[in-house]
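The values are calculated or read from the model by the stated rules, or taken from the named source; none is laboratory data. The shown structure was predicted, so the numbers you read here are calculated from the model rather than taken from an experiment. Note: ideal-geometry Cβ built from the backbone for every residue, glycine included; neighbour counts use all protein chains shown. Side chains are part of the model used for accessible areas, which takes the heavy atoms of the whole protein and leaves out ligands, DNA and RNA. Shrake-Rupley method; radii C 1.70, N 1.55, O 1.52, S 1.80 Å.
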Amino acid sequence: MKYYILFGPPGAGKGTHAGAIAQKYNLKHLSTGELLRAEIAAGTELGLKARDLIAAGNLVPDEIVEGMIENAFDTIKGVDGFLLDGFPRTIAQAEALEQMTAARNDEVTGVISIMIPDAVVHERIAHRAAIEGRADDASDATITHRIETYHAQTEPLIDFYKAKGKYHEVCGYPGSIDDVRERVLSLVEEF
Ligand code: ATP
Ligand code: MG
């Protein structure tokens with residue numbers, strides 16, 4: 001199985017480009033953000049735990065997202081692999097993923113990182129707020145906090161995967177959506 005990680009700051013375009021990659025390589029796209037929003041919408045116990053943390057721009061506890069990912073690995077059949085979008089977001093989650101893949105006699109195939117500057121994160125999320133109405137997109141303060149959370153907790157994963165020779169990056173800015181999709185797809189083609 002292939003285990004690709006789609007990486008980048010909030011608003012980098014992970015969700016935008018995931019579909020094209022997943023379709024081309026017969027991968028299941030797993031977005032922890034989308035899975036969590038579905039739990040919140042369904043009013044589950046897990047959703048209730050996650051709701052306020054997400055709205056404030058904080059991460060949810062590692063065990064919650066690790067459980068969702070492992071459950072997906074166990075139950076989803078008929079694909080050639082997984083495209084992880086928004087997971088892992090902490091070193092602890094990356095280590096849990098190492099164990100999950102090792103337990104399946106496998107390993108992370110590679111990290112596809114889409115990089116954009118902080119100022120562009122702000123611009124894009126403010127724009128998306130008007131379209132999607134997500135609570136965690138609603139205020140500048142929350143967006144700023146998510147960017148800080150990214151730098152503090154998620155950015156260290158770059159060195160984690162560089163040390164394993166698995167980190168690959170494209171520029172998510174400047175360029176149109178089509179331009180960036182081209183960059184991402186030609187990167188995956190080289191794996
Ligand atoms: P993008 O715009 O690139 O898709 P995003 O950061 O705007 O990324 P999501 O990935 O949808 O949005 O995540 C939304 C929120 O869900 C996060 O801010 C966080 O609170 C929670 N979340 C998602 N994935 C994780 C994770 N792996 N660990 C902890 N919390 C997570
Ligand atoms: Mg997303």
*When the scattering of the stretch 1-43 is computed by the Debye formula from its Cα atoms alone, each counted once and equally, what is log10 I(q)/I(0) at q = 0.30 Å⁻¹?*
-1.11
*the chain, accessible area per residue, ligands and nucleic acids excluded (1.4 Å, Å²)*: 49 Å²
_Check which residues have an amide H placed less than 5 Å from Phe7's amide H, if you skip close sequence neighbours._
Ile112, Ser113, Ile114
*Within 10 Å, count the other beta carbons around each residue, average over each peptide in 120-129, 12-21, and list them highest first.*
12-21, 120-129
*In Å, what is the Rg of the alpha-carbon atoms in the stretch 29-103, and how long is Dmax?*
12.5, 37
*Kirkwood hydrodynamic radius of the chain from all distinct Cα pairs, in Å?*
17.0 Å
*Just how far, in whole angstrom, is the stretch 98-117 from the stretch 22-38 if you go by their alpha carbon centroids?*
14 Å
*Dipole size in debye (nearest 20) for the stretch 38-142 around its Cα centre, Lys and Arg Cβ +1, Asp and Glu Cβ -1?*
280 debye
_Once you keep just the Cα pairs under 8 angstrom separated by 6 or more residues, what percentage relative contact order results for the stretch 113-191?_
38 percent
_Cα lying deepest toward the dipole's positive end in the chain, options Asn26, Thr154, Asn58, charges on Cβ_ = Asn26
*Run the numbers on the chain and let me know its relative contact order in percent, using alpha-carbon pairs under 8 Å that are six or more apart.*
32 percent
*Under a Cβ-Cβ cut-off of 15 Å, what is the net charge of the residues other than Gly165 that fall near it, where Lys and Arg count +1 and Asp and Glu count -1?*
-2
_Neighbour net charge for His122 - beta-carbon separation under 13 angstrom, K R +1, D E -1_ = -2
*Percent carbon-and-sulfur accessible area, the chain, ignoring ligands, DNA and RNA, probe 1.4 Å*: 51 percent
_Computed magnitude of the charge dipole of the chain (debye, nearest 20; Cβ of K, R +1, Cβ of D, E -1)_ = 320 debye
_Dipole of the stretch 9-83 [Lys/Arg +1, Asp/Glu -1 at C-beta], most positive-end residue of Gly47, Pro9, Ile76_ = Pro9
*When the Kirkwood radius is taken over all Cα pairs of the stretch 49-160, what Stokes-Einstein diffusion coefficient follows at 25 °C and 0.890 mPa s, in µm²/s?*
157 µm²/s
